[in-house]
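Report on the following structure.
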Amino acid sequence: MGLFNKIKQLTQALSRGVEKTKRLLKTDIRDLFKTEGRLVDEQFLEDLLAVLIKTDMGYAAAEEIIEDVRSQFRGRVVQMEQVLDVIKARLKQQLKQEEVPIRTNPDGPTVIMVVGVNGSGKTTSIAKLAYRFQQEGKKVILGAGDTFRAAAVEQLTIWAKRLGVEIVTAPMGSDPASVAYRTVEKAVQEGADVCIVDTAGRLQTQKSLMDELSKIHRVIGKVLPGAPHEVLLVLDATTGQPGISQAKGFTQAVQCTGIILAKLDGTAKGGVIVPIRQQVGIPVKFVGVGEKPQDLEVFDSEAFAEALFA
Ligand SMILES: Nc1nc2c(ncn2[C@@H]2O[C@H](COP(=O)(O)OP(=O)(O)O)[C@@H](O)[C@H]2O)c(=O)[nH]1
Ligand SMILES: [Mg+2]
């Protein structure tokens with residue numbers, strides 16, 4: 001597939017996820033224009049800045065875009081499309097990242113550990129990942145490492161049954177590191193391709209719970225040197241800007257390798273992906289766009305910027 005078609009396909013896939021953010025941008029920006037175009041004056045730039053900030057992209061990024069619009073169009077009458085093109089071009093640069101969906105292990109199971117605060121979408125994202133790997137013909141094993149709540153084990157067990165994948169569980173209250181250990185061990189023994197370990201939700205400020213994550217990480221590495229190959233941090237897009245400090249805290253405490261931005265479909269604050277990209281030093285690998293196993297899309301910076309204005 002050519003690059004153009006690939007971006008087009010990714011754009012279509014992402015567009016339902018950014019529906020709410022897109023609607024906000026479209027309606028509010030359109031309101032700034034008349035059919036005969038619009039004079040780009042300071043008032044216009046100020047109003048445009050306010051619209052951009054509403055998406056939670058942050059002041060710095062919005063100001064950068066406004067500078068582009070100012071330097072290109074100030075004092076001229078322009079059409080909306082011209083302005084949107086300038087916004088898109090800058091957004092693409094702001095979001096740019098290496099294309100690395102998932103780092104796989106060529107000599108054995110790829111181990112993925114999933115972390116984040118309570119309710120961010122970890123367990124659901126694991127089901128989505130499992131579904132995605134299954135579609136690729138891969139054998140998946142899940143580890144119910146959230147031993148904190150009985151309901152959490154149950155939830156993942158239901159997903160495992162529905163998807164037809166194996167799951168390793170332990171009674172509530174048991175050591176999550178031992179669940180992780182047994183999951184990876186089983187994956188190695190059974191020649192599974194992918195093994196995904198769930199963890200209980202926690203705050204980046206809870207030192208002992210963050211230490212527990214490091215322990216799980218270490219234990220996984222003992223069963224399989226080099227593992228985990230990915231530590232995915234699940235962020236809730238509806239949290240908006242406060243999610244940034246969460247992400248920073250998590251990446252400092254455990255070595256996260258990528259972000260899944262869940263619940264993008266539920267918010268008009270999809271612009272939050274900009275400060276996430278710029279301030280948290282790890283790539284956004286996937287975005288969650290619904291509650292079903294199919295509702296996980298690969299993040300692509302070009303496609304994302306296109307989808308916002310499609
Ligand atoms: N709309 C929407 N809901 C989601 C998405 N991801 C998760 N959820 C919902 O968010 C809630 C919490 O998800 P869960 O996976 O249990 O979070 P966890 O506590 O981090 O494991 C559930 O009701 C999920 O169905 C998403 O991408 N979009
Ligand atoms: Mg959970």
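For every residue, the table says whether it meets (1) surrounded by fewer than 19 Cβ atoms within 10 Å (Cβ to Cβ); (2) more than 13 Å from ligand 1 (Cβ to nearest atom); (3) under 20 Å from VAL234 (Cα atoms).
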site	(1), (2), (3)
LYS122	no, no, yes
SER125	no, no, yes
ARG132	no, yes, yes
GLU166	yes, yes, no
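Is the stretch 190-206 home to any residue that is modelled with pLDDT under 95, in contact with a Ser or Thr (Cβ under 8 Å, 6 or more places away or on another chain) and on the phi > 0 side of the Ramachandran plot?
The answer is no, given that none of the residues of the stretch 190-206 is modelled with pLDDT under 95, in contact with a Ser or Thr (Cβ under 8 Å, 6 or more places away or on another chain) and on the phi > 0 side of the Ramachandran plot.
Does the stretch 239-266 hold any residues that are modelled with pLDDT under 95 and closer than 20 Å to ALA61 by Cα, and which are they?
Those that are modelled with pLDDT under 95 and closer than 20 Å to ALA61 by Cα: THR239, GLY240, GLN241, PRO242, GLY243, ILE244, SER245, GLN246, ALA247, LYS248.
I'd like to know if the stretch 161-181 contains one or more residues that are among the hydrophobic types (A, V, I, L, M, F, W, C) and closer than 26 Å to GLY266 by Cβ. Show your work before the answer.
Taking the stretch 161-181 and keeping what is among the hydrophobic types (A, V, I, L, M, F, W, C), we get 163, 165, 167-168, 170, 172, 177, 179-180.
Now restrict to residues that are closer than 26 Å to GLY266 by Cβ: 163.
Looking through the stretch 161-181, at least one residue is among the hydrophobic types (A, V, I, L, M, F, W, C) and closer than 26 Å to GLY266 by Cβ.
Might you check whether a residue that is free of Cβ contacts under 8 Å to residues at least 12 places away in the same chain, among the aliphatic types (A, V, I, L, M), more than 30 Å from GLY226 (Cα to Cα) and surrounded by fewer than 18 Cβ atoms within 10 Å (Cβ to Cβ) occurs anywhere in the stretch 3-22?
Yes, because at least one residue in the stretch 3-22 is free of Cβ contacts under 8 Å to residues at least 12 places away in the same chain, among the aliphatic types (A, V, I, L, M), more than 30 Å from GLY226 (Cα to Cα) and surrounded by fewer than 18 Cβ atoms within 10 Å (Cβ to Cβ).
So which residues in the stretch 133-164 are part of a helix (DSSP H, G or I), touching an Asp or Glu at 6+ places or on another chain (Cβ under 9 Å), within 11 Å of ligand 2 (Cβ to nearest atom) and of a type outside the set (S, T, N, Q)?
So the first thing to find is which residues in the stretch 133-164 are part of a helix (DSSP H, G or I), and the list is 133-135, 150-163.
From the residues that got through so far, the ones that are touching an Asp or Glu at 6+ places or on another chain (Cβ under 9 Å) too are 133, 152-153, 155-156, 160.
If we keep only those that are within 11 Å of ligand 2 (Cβ to nearest atom) too, we end up with 152-153, 155-156.
Across the stretch 133-164, the qualifying residues are ALA152, VAL153, LEU156.
Give me the pairs: first residue in the stretch 139-167 and within 16 Å of VAL114 (Cα to Cα) and of a type in the set (Phe, Trp, Tyr), second residue assigned to a helix (DSSP H, G or I) and at pLDDT 95 or above, beta-carbon distance under 6 Å, and six or more apart or on different chains, which are they?
Correct list of pairs: TRP159/ALA127.
Table: residues versus (1) surrounded by 17 or more Cβ atoms within 10 Å (Cβ to Cβ); (2) in contact with a His (Cβ under 6 Å, 6 or more places away or on another chain); (3) not in a loop (DSSP other than H, G, I, E, B).
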| site | (1), (2), (3) |
| --- | --- |
| LEU49 | no, no, yes |
| ALA89 | no, no, yes |
| GLN97 | no, no, no |
| PRO101 | no, no, no |
| ASN105 | yes, yes, no |
| GLY108 | yes, no, no |
| ASN118 | no, no, no |
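Of these, LYS292, LYS263, LYS248, which one is within 16 Å of ligand 2 (Cβ to nearest atom) and over 19 Å from LYS26 (Cα atoms)? Steps first, answer last, please.
Details: LYS292 fails: within 16 Å of ligand 2 (Cβ to nearest atom); LYS248 fails: within 16 Å of ligand 2 (Cβ to nearest atom).
On inspection, the qualifying residue turns out to be LYS263.
Look at the stretch 185-218 and say how many of its residues are out of contact with any Lys or Arg (no Cβ under 9 Å at 6 or more places or on another chain) and crowded, with 19+ Cβ neighbours inside 10 Å. Lay out the reasoning, then the answer.
Of the stretch 185-218, the ones out of contact with any Lys or Arg (no Cβ under 9 Å at 6 or more places or on another chain) are 185-186, 188-189, 196-197, 202-203, 205-208, 211, 214-218.
Of the ones still in play, those that are also crowded, with 19+ Cβ neighbours inside 10 Å are 196-197, 202, 216-217.
Result for the stretch 185-218: 5.
Considering only the stretch 69-78, I want to know if a residue exists there that is of a type in the set (Ser, Thr, Tyr) and touching a helix residue (DSSP H, G or I) at 6+ places or on another chain (Cβ under 9 Å). Reasoning before the result, please.
As a first pass, look at the stretch 69-78 and keep what is of a type in the set (Ser, Thr, Tyr): 71.
Next, only the ones that are touching a helix residue (DSSP H, G or I) at 6+ places or on another chain (Cβ under 9 Å) stay: none.
Among the residues of the stretch 69-78, not one is of a type in the set (Ser, Thr, Tyr) and touching a helix residue (DSSP H, G or I) at 6+ places or on another chain (Cβ under 9 Å), which makes the answer no.
Which numbered condition in (1) more than 13 Å from ligand 1 (Cβ to nearest atom); (2) surrounded by fewer than 22 Cβ atoms within 10 Å (Cβ to Cβ) is the only one that GLU154 fails?
(1)
Any idea which of ARG202, ARG218 is over 24 Å from GLY137 (Cα atoms) and within 15 Å of ligand 2 (Cβ to nearest atom)?
Working: ARG218 fails: within 15 Å of ligand 2 (Cβ to nearest atom).
None of the others qualify; the one that does is ARG202.
Would you check which residues across the stretch 90-130 are charged (D, E, K, R) and touching a Leu at 6+ places or on another chain (Cβ under 6 Å) and list them?
Of all residues in the stretch 90-130, those charged (D, E, K, R) come to 90, 92, 96, 98-99, 103, 107, 122, 128.
Across the stretch 90-130, the qualifying residue is only LYS128.
Note down all Cβ pairs under 9 Å where the first residue falls in the stretch 254-265 and is in contact (Cβ under 8 Å) with a residue 60 or more places away in the chain and within 15 Å of ligand 1 (Cβ to nearest atom), the second is of a type in the set (Phe, Trp, Tyr) and assigned to a loop (DSSP other than H, G, I, E, B), and they're at least six residues apart or on different chains.
ILE260/PHE299
The values are calculated or read from the model by the stated rules, or taken from the named source; none is laboratory data. Being a predicted model, the structure only gives us computed values, none of them experimental. Methodologically, a virtual Cβ is constructed for each residue, glycine included, from the backbone with ideal geometry; neighbour enumeration extends over all protein chains shown.
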